[in-house]
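K.L.:
I'd like to ask you about the structure that follows.
Since every read-out is calculated from the coordinates, none of them should be taken as a lab result. Small disclaimer: the values here were computed from a predicted structure and weren't measured. Cβ atoms come from the backbone with ideal geometry, glycine included; neighbour counts cover every protein chain shown.
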Amino acid sequence: MAVSRLRRAPSLGLQSWSDQSMILWLLLGSGLAMSPPRAKVDFQNDIAPIFEQNCVECHHAGQSRTRLELSSRQEMLDRKAVLPGNPSASPLYTSVRNGSMPPGGQKLDAAQIETIRRWIEEGAPWPSGATLKVSGAKAPTQAPASVRASAEIQNVRQIRERILARQQEEPTANAQAYTVSIPNTTVSYGMAPVPAGDFPMGSPDSDPHHKKDEQPQHTVHLDAFWMQTHEVTWDEYRLFMFANQAGEIAHKDEVVDGVSRPTRPYVEMSFGMGILGYPAISMTQHAANKYAEWLSAKTGEFYRLPTEAEWEYACRAGTTTPYYFGADASKLADYAWYSANSGGKYQKVATKAPNAWGLYDMLGNAMEWTLDQYAPYPAGSETDPWVRATKPYPIAVRGGSWNDPADALRCAARVPSDPSWKQQDPQLPKSIWYETDAQWLGFRLIRPAKVPDADEMYKYWNSGVEHDEQ
């Protein structure tokens with residue numbers, strides 16, 4: 001959206017509105033000016049109406065969708081939404097200027113945006129005692145968190161009933177690869193069996209590239225599961241992002257509709273690297289969890305992210321070498337897209353050789369989310385470990401990407417998620433759905449052989465770190 005700007009007077013070297021105001025007052029005294037300077041922005045008459053009509057619906061006390069409350073100047077300063085005197089560095093201004101806020105409905109016009117810019121430039125004054133009105137018609141009542149959780153658990157129970165019913169109708173043969181077609185679409189994906197077993201998780205000292213966070217190497221036992229043969233593609237993920245692409249308008253399904261969906265992205269999320277057949281990228285772990293819940297409801301099969309242990313076990317496919325094809329990194333180009341051969345972008349999935357268990361791109365192309373909090377390894381053996389997340393960062397990410405060197409693609413290599421992965425996100429607060437700066441980050445899902453109870457399903461799909469507190 002275009003924003004009108006005051007022109008500088010080059011002959012006078014004026015740098016700001018305040019400079020121009022001063023010189024105009026001087027000109028008035030000498031009779032050289034024909035009109036008075038523009039009055040300063042008045043909060044009550046100029047700013048409050050803009051906020052009340054466009055912002056407080058989402059940014060008011062008790063609204064769970066956001067942490068920023070437009071309740072005082074100090075609140076905006078504490079949240080770093082406004083830097084008085086510096087509009088271009090103030091997210092409140094930049095987000096309305098680039099059109100990402102408000103996220104839905106009519107955007108602010110040029111005059112309103114300019115008014116906000118001038119207000120911030122003038123120091124963002126907010127008179128003591130001034131408050132913003134929250135319209136009852138525009139601010140829907142938000143149910144308490146406990147009520148919302150109860151409703152979601154009930155929906156999870158319905159999903160589980162659907163899963164159990166489908167298992168009785170169409171049992172999946174044990175230890176067999178198979179293909180799933182997403183209902184009411186032409187999109188499908190493969191599932192490969194991963195047998196139960198033990199493996200040494202982490203790196204031994206003999207690996208010249210081993211890192212401290214990959215040790216101590218320890219034995220882990222895992223139950224059987226199926227894993228998607230390739231990373232979730234845009235063909236699949238866009239069905240979740242846009243309901244009309246999943247046939248959900250013509251085929252209404254209340255259970256599917258009960259799953260949270262991403263807000264519409266404010267940028268083109270493939271960043272020009274390709275969509276059809278390419279890995280979906282730049283989603284948060286929360287978004288990946290919700291996709292797993294949505295896909296479970298759509299297909300009648302239980303899906304979730306793999307734990308770190310499940311991911312490494314599936315990646316190794318029975319091997320103990322740095323890569324699943326051995327220790328010779330010169331062979332990596334046959335199995336993975338990485339910095340040396342990717343051409344500076346991701347590539348279509350399943351175009352390199354798979355590992356021994358039929359899994360493609362476990363190394364390279366898109367780095368993959370796991371279910372675990374990134375944490376030090378314990379000493380001693382473990383059985384089906386899951387380090388459940390208790391904070392937004394860091395979450396464990398695996399596999400390396402198209403942007404990484406060979407040693408970052410080793411089976412044991414670990415990466416912690418970081419707030420910088422959404423640094424350029426202009427939204428207030430940062431989006432719970434998109435990691436805009438992580439254009440090498442994706443995921444794939446697993447289907448455990450054992451279907452958990454509804455409470456456990458809920459825990460898998462709701463890690464408790466939906467809101468990014470950084």
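K.L.:
Taking a spot 7 Å from the Cα of residue 275 along the direction of its beta carbon, which residues of region 226-240 have an amide N less than 15 Å from it?
P.N.:
Answer for this model: 233-240.
K.L.:
Counting only other residues whose beta carbon sits under 10 Å from that of residue 132, what net charge do I get with K and R as +1, D and E as -1?
P.N.:
Numbers: positive: 133; negative: 52, 69.
So the surrounding residues net to -1.
K.L.:
Using the Cα centre of region 145-461 as origin and beta-carbon charges of +1 (Lys, Arg) and -1 (Asp, Glu), tell me which of 200, 363, 419 is placed farthest towards the positive end of the dipole.
P.N.:
So the residue we want is 419.
K.L.:
How high is the FRET efficiency from residue 327 to residue 382, r the C-beta distance, R0 30 Å, rounded to 0.05? Walk me through the intermediate numbers first.
P.N.:
Details: r = 25 Å, r/R0 = 0.85.
The calculated FRET efficiency here is 0.75.
K.L.:
In nm, what is the difference between 0.36 nm times the number of residues separating residue 72 and residue 174 and their Cα-Cα distance? Spell out each step's value before the answer.
P.N.:
Values: separation 102, 0.36 × 102 = 36.72 nm, distance 6.01 nm.
Gain on extension, residue 72 to residue 174, equals 30.7 nm.
K.L.:
Let me ask another. Between residue 414 and residues 5 or more places away or on another chain, which pairs have amide H atoms under 5 Å apart, with H built 1.01 Å from N, and which residues are they?
P.N.:
Amide H neighbours of residue 414: none.
K.L.:
Here is a follow-up. Determine ³J(HN,Hα), in whole Hz, for all residues of region 123-131 in sequence, where each value follows from phi through the Karplus function 6.51 cos²θ - 1.76 cosθ + 1.60 and θ = phi - 60°; x replaces Gly and Pro.
P.N.:
x, 6, x, 9, x, 4, x, 6, 10
K.L.:
Please give the contour-minus-distance gain from residue 110 to residue 455: 0.36 nm per residue of separation, less the Cα-Cα distance, rounded to one decimal in nm.
P.N.:
Details: separation 345, 0.36 × 345 = 124.20 nm, distance 4.93 nm.
Residue separation times 0.36 nm, minus the Cα-Cα distance, leaves 119.3 nm.
K.L.:
Give me the one-decimal Kirkwood hydrodynamic radius in Å for region 340-470, with the sum taken over alpha-carbon pairs.
P.N.:
Values: mean 1/r = 0.0603 Å⁻¹.
For region 340-470, the Kirkwood estimate is 16.6 Å.
K.L.:
Collect residues whose amide H, placed 1.01 Å from N in the peptide plane, falls under 5 Å from the amide H of residue 400; neighbours closer than 5 in sequence don't count.
P.N.:
It is 364, 368, by chain and number.
K.L.:
Quick one: which residues, 5 or more positions from residue 371 or on another chain, have an amide H under 5 Å from its amide H? H modelled 1.01 Å from N in the peptide plane, none for Pro or chain starts.
P.N.:
Long-range HN contacts for residue 371: 307, 308.
K.L.:
Mind checking the full-extension length gain between residue 45 and residue 353? Use 0.36 nm per residue of separation minus the Cα-Cα distance, one decimal, nm. Provide the component values of the computation, followed by the final result.
P.N.:
Details: separation 308, 0.36 × 308 = 110.88 nm, distance 6.52 nm.
Fully extending the segment from residue 45 to residue 353 adds 104.4 nm.
K.L.:
Also, quick follow-up: Consider just the alpha-carbon atoms of region 288-395 and return their Rg together with their Dmax, both in angstrom.
P.N.:
Just the Cα atoms of region 288-395 yield Rg and Dmax of 15.8, 43 Å.
K.L.:
Using a 10 Å cut-off around each Cβ, can you sort 210, 59 from fewest to most neighbouring Cβ atoms? Write out the running numbers ahead of the final one.
P.N.:
Details: 210 19, 59 27.
With the fewest neighbours first, 210, 59 line up as 210, 59.
K.L.:
Work out the length of the dipole vector of region 280-405 about its Cα centre, built from +1 on the beta-carbon of each Lys and Arg and -1 on the beta-carbon of each Asp and Glu, and round it to the nearest 20 debye.
P.N.:
Numbers: 11 positive and 13 negative charges, 76 e Å.
So the magnitude is around 360 debye.
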